[in-house]
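*Asks:* Can you keep this structure in mind? I'll have questions shortly.
Nothing in this text is a laboratory measurement; each read-out follows from the coordinates by a stated rule. In this text, all values refer to a predicted model and were calculated from it rather than measured experimentally. Cβ atoms come from the backbone with ideal geometry, glycine included; neighbour counts cover every protein chain shown.
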Amino acid sequence: MDLGLQGKRAIVCAASKGLGKACAMALAQAGVSVVITGRDEAALEAAAKEIRAATGVEITAAAGDITTKAGREAALAACPDPDILVNNAGGPPPGDFREFTEEMWHAALNANMLSPIAMIQAVLDPMIARRFGRIVNITSAAVKAPIPILGLSNGARAGLTGFVAGLARDVAQHNVTINNLLPGPFDTDRLRATAAKSAAASGRSIDEEVLVRGRQNPTGRVGQPEEFGAACAFLCSTQSGFIVGQNLLLDGGAFNATM
Ligand code: NAP
C-alpha cells in the first residue's frame with residue numbers, strides 16, 4: 001500500500017532503539033526523511049546509519065534529551081517544520097506510590113506529558129497552515145489498563161491522553177490528526193531489561209523469560225517492534241485523515257473487552 005508519504009519530513013523522538021526506531025524505519029520505508037533523537041550519540045548514529053542503509057532516504061541524528069528544552073530545540077533545528085511528529089520518551093520508573101517524591105512526579109509529568117505537548121505546540125501551526133499533519137504519541141497499554149506499580153506512568157500518560165483528546169478534535173478540520181499508540185509487551189531493550197530481573201529470580205534465561213511473558217498473551221507471543229512501526233506509519237499516512245483522537249491498543253488482545 002502506498003501511504004502517500006513520499007518526500008514528507010518527520011521527527012521521531014527517542015528513536016535510537018525499540019519502538020521509536022521501528023516507527024522511524026517504517027516511515028523511512030514509506031519515503032519520509034526522518035530526524036531521530038536519543039541521548040546516546042553513538043547509538044543514535046548507529047540507528048541513523050542502519051535506517052539510511054535500509055531505505056536510502058535522508059536520516060538525520062539530532063542527539064539530545066527530548067525532555068529538555070535543549071533536546072527539543074536540537075530536534076526542531078534539524079527539522080523546523082515536520083509533516084509528521086512521533087512523540088516518545090522513556091517511561092518513568094515503577095514503584096510504591098508512598099515513595100514517589102514531588103521531584104519524581106515532576107520528572108514523569110515532564111517526560112510523558114509536558115515534553116510531548118511542547119513538541120506539539122512547536123509544530124502544530126505550520127502543519128495547520130500546510131493542511132497536512134500527523135502526530136502520533138507513543139503512550140502505553142497502561143493508560144487503558146493501569147498497572148499499579150506504574151503509577152507515575154499511568155498518571156502522566158493519562159494527562160497527555162486527556163489533553164490531546166480535546167486538541168485532536170480542534171485541529172482535525174485542517175487535516176492535522178493526533179492519535180496515540182498504546183503498546184502492550186513488545187520485544188525491545190526495555191522489555192528485556194524487565195525480563196533480566198525476573199530471569200535473575202527464576203533462574204531462566206532472558207529469552208526464556210520473554211517466551212514465558214509471550215505465552216501469557218492471547219497471541220502466545222510478545223509483539224515485534226516492526227509491527228508497531230507499521231501501525232505508526234499507517235496512522236501517519238495520507239489515507240488516515242479520518243482517524244482522529246484515537247487510542248490504538250497494540251497488545252495482542254491482552255486487554256480483555258468486547259469493545
Ligand atoms: P527502549 O527499547 O528502551 O528504547 C527507548 C529509546 O528511547 C532509546 O532509543 C532511548 O535512547 C530513547 N530515549 C529514552 N529516553 C529519552 C530521552 N529522555 N530523550 C531522548 N531519547 C530518549 O524502549 P521502548 O520499549 O521502545 O519503549 C518506548 C516507550 O514505550 C517508553 O515510554 C515505554 O515506557 C513505552 N512502552 C513500552 C512497552 C514495551 O513493551 N516495549 C510497553 C508499554 C509502554 P537513549 O537512552 O540513548 O536516550
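*Asks:* Using 0.36 nm per residue of separation minus the Cα-Cα distance, give me the extension gain between R215 and R130 in nm, one decimal.
*Replies:* Computed gain between R215 and R130 is 26.0 nm.
*Asks:* Hey, what angle do you get for helix 115-130 against the long axis of the chain, alpha-carbon based, 0 to 90 degrees rounded to 10?
*Replies:* 30 degrees
*Asks:* Taking only DSSP H segments of four or more residues, each worth -39500 (n - 2.57), what value at 222 nm results for the chain once the sum is divided by all its residues, to the nearest 500 deg cm²/dmol?
*Replies:* The helix contribution divided over the chain gives -14500 deg cm²/dmol.
*Asks:* With a Förster radius of 30 Å, plug the Cβ-Cβ distance of A165 and T238 into 1/(1 + (r/R0)^6) and report the FRET value to the nearest 0.05.
*Replies:* Computed FRET efficiency for A165 and T238 comes out at 0.80.
*Asks:* Suppose R0 equals 25 Å; then what is the FRET efficiency for A201 and W105 from their Cβ-Cβ distance, rounded to the nearest 0.05?
*Replies:* Working: r = 29 Å, r/R0 = 1.15.
Using R0 = 25 Å, I get an efficiency of 0.30.
*Asks:* Further, regarding this structure: Taking square-rooted eigenvalues a ≥ b ≥ c of the alpha carbon gyration tensor, is segment 27-82 rounded, prolate or oblate, where a/c under 1.5 means rounded and, failing that, a/b exceeding b/c means prolate?
*Replies:* Numbers: a/c = 3.02, a/b = 1.45, b/c = 2.09.
It comes out oblate by the Cα gyration axes.
*Asks:* For K49 and R98, what does the FRET efficiency come to when R0 = 41 Å and r is the distance between their Cβ atoms, rounded to the nearest 0.05?
*Replies:* With a Förster radius of 41 Å, E is 0.35.
*Asks:* Obtain the nm distance between the two label points defined at Q246 and A77 by a simple spin-label model: each point lies 7 Å from its Cα along the Cα-to-C-beta direction.
*Replies:* 3.8 nm
*Asks:* While we're looking at this one, here's another question. Please work out the C-alpha center-to-center distance from segment 108-152 to segment 176-239 and express it in whole Å.
*Replies:* Taking the Cα centre of each part, segment 108-152 and segment 176-239 sit 19 Å apart.
*Asks:* No other cysteine beta carbon under 4.7 Å away is the test; run it over the chain and list who passes.
*Replies:* C13, C79, C236, each lacking another Cys Cβ under 4.7 Å.
*Asks:* Take the residue pairs K8/K144; K69/K197; K21/K144; K49/K144 and return only those whose Cα atoms are more than 29 Å apart.
*Replies:* K8/K144; K69/K197; K49/K144
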